Structure formats: structure tokens, C-alpha cells
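**Q** My structure is below; once you've seen it, I'll send some questions.
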Amino acid sequence: MENLIIIGTGGFAIELFGLLYGMQSKVQGFIGPEPQQNLPGKWLGEDDMIENLPYRTKVLIAIGDPEVRSKLAHKINKNNLKQHTFIHPSAYLSPQSIVAKGCIVYPNATIHSGVVLDKNVLINSNATIGHETTIAEFSNIGPGASIGGCCKIGKNFFIGIGASMLEKITVCDHVVIGAGATVISSIEFSGTYVGVPAKIIKK
């Protein structure tokens, strides 16, 4: 793999570096806010450094917040950089699934037949995405989350650790599902949902 740069300086960025290192991939360094902890590689500077990177530099966005990831992706595209797609070898991807550029798929994730992941979707460790589900851009599927088949999920979606969603559910844009929650019906309004069954607590 060519040298690449990780966009982010927090825990997610350090996690991702470890996965890349384990696959003997070369990381040139990190771009983002001044790190609050020791990074396993060189800190190259804050986000404005993105504008100084050479044409088609390969980058990976290691930011969990969908809104922030969306803004950084726009900046990356504006500067003609190349977003890398990372899929860990232990993840299962059906040959009939589609994964767009900039997606990150962590170890032991399962992505079944007919699934479509739009750009910059993050699938965390041990998450499961059921058949024919579509997940729009910049969404974040938390560790151990389970999404049933034939769901339609909007952009900038976040589902927390161990949460679940029944099959054939539609979710609008800009929705947060709390850790351990269970979504049993479609969601038409943006906001934060928690509990079993999941109910809105914040618009």
C-alpha cells in the first residue's frame, strides 16, 4: 500500500493506525488538532495542513462524528486528495455488496448481500448489516451494532455500541441512536433516540 495520512489525532486515529500497522501499511503521519496524547506516528499539523498536501495524496478520515467527517471530506475533495477505503481482512463483505470510497470497515464486521455503503461510512468491529440495507454517506455504525435487512438509513446517522434495528426500517438524515437501544419502527424526525424501544429525547 502507498504511504497515507490519517486525518484525526484522537483515539479513533490511534486505533486505525494500529490496524494499518498490523497489515504492514505505511502511515506518513497524522493531521488534526494538537494531540492530547502520544501519537504512534508524526503529527503533521492542524486541519489547515490539508490544503498543503500534494495532489492525490492518499488520506483516511479517522473522525467518529458524522458532521465533522462530512466537513473534512468536503475539504479533502476540494483539494483534490484521494480518499482511501479501508477494509480489515477479518471483515466479511458479500461479493454482492457495494462499498464507496472513504469507507472504513473494522475487524469482524459482517456486511451481507446487497448492502450498499455510501461514501465515508464507518462500520465498527463486530457490527452486522443485514441484506439489501442501504446506509447513506458519513454514517457511523458502532461496535457490536446490528441492523436488520432491507433497511434504508439516511446520511450523518450514528448508532451506538450494541444497539439494534429491526428489518425493513427507514431512518431519516441526522439521527443518533444511543448505545444498547432497539429501533423497532421507522424514524421520520432528526434527533437522538434511546431506550428499548428507542424513543426520541432530543430534537
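The values are calculated or read from the model by the stated rules, or taken from the named source; none is laboratory data. Computed from a prediction, not measured in an experiment: that's the story for all the values here. Every residue, glycine as well, gets a Cβ built from its backbone with ideal geometry; the counts of neighbours run over all protein chains shown. Just so you know, the surface numbers come from the protein's heavy atoms only, side chains and all, with ligands and any DNA or RNA stripped out. Shrake-Rupley method; radii C 1.70, N 1.55, O 1.52, S 1.80 Å.
**Q** When the residues of segment 146-196 are filtered to those that are in contact (Cβ under 8 Å) with a residue 60 or more places away in the chain and open to solvent by less than 60 Å² (accessible area, probe 1.4 Å), which remaining residue is farthest from Ala73 (Cα to Cα)?
**A** Phe157
**Q** Could you tell me which residue of segment 157-203 is farthest from His131 (Cα to Cα), considering only residues that are under 20 Å from the mean Cα position of the chain (by Cα), small (Gly, Ala, Ser) and in a loop (DSSP other than H, G, I, E, B)?
**A** Looking at the filtered set, the residue picked out is Ser190.
**Q** Filter segment 59-81 down to the residues that are out of contact with any Phe, Trp or Tyr (no Cβ under 9 Å at 6 or more places or on another chain) and of a type in the set (Lys, Arg) and list them by number.
**A** If the condition is that a residue be out of contact with any Phe, Trp or Tyr (no Cβ under 9 Å at 6 or more places or on another chain) and of a type in the set (Lys, Arg), then Lys71, Lys75, Lys78 are the ones that fit.
**Q** Answer yes or no: is there a residue in segment 126-138 that is without any contact (Cβ under 8 Å) to a residue 40 or more places away in the chain, in a loop (DSSP other than H, G, I, E, B), among the polar types (S, T, N, Q) and open to solvent by less than 20 Å² (accessible area, probe 1.4 Å).
**A** Yes.
**Q** Same structure again: Return the total of residues in segment 139-156 being under 21 Å from His88 (Cβ atoms) and in a loop (DSSP other than H, G, I, E, B).
**A** Of the residues in segment 139-156, 5 are under 21 Å from His88 (Cβ atoms) and in a loop (DSSP other than H, G, I, E, B).
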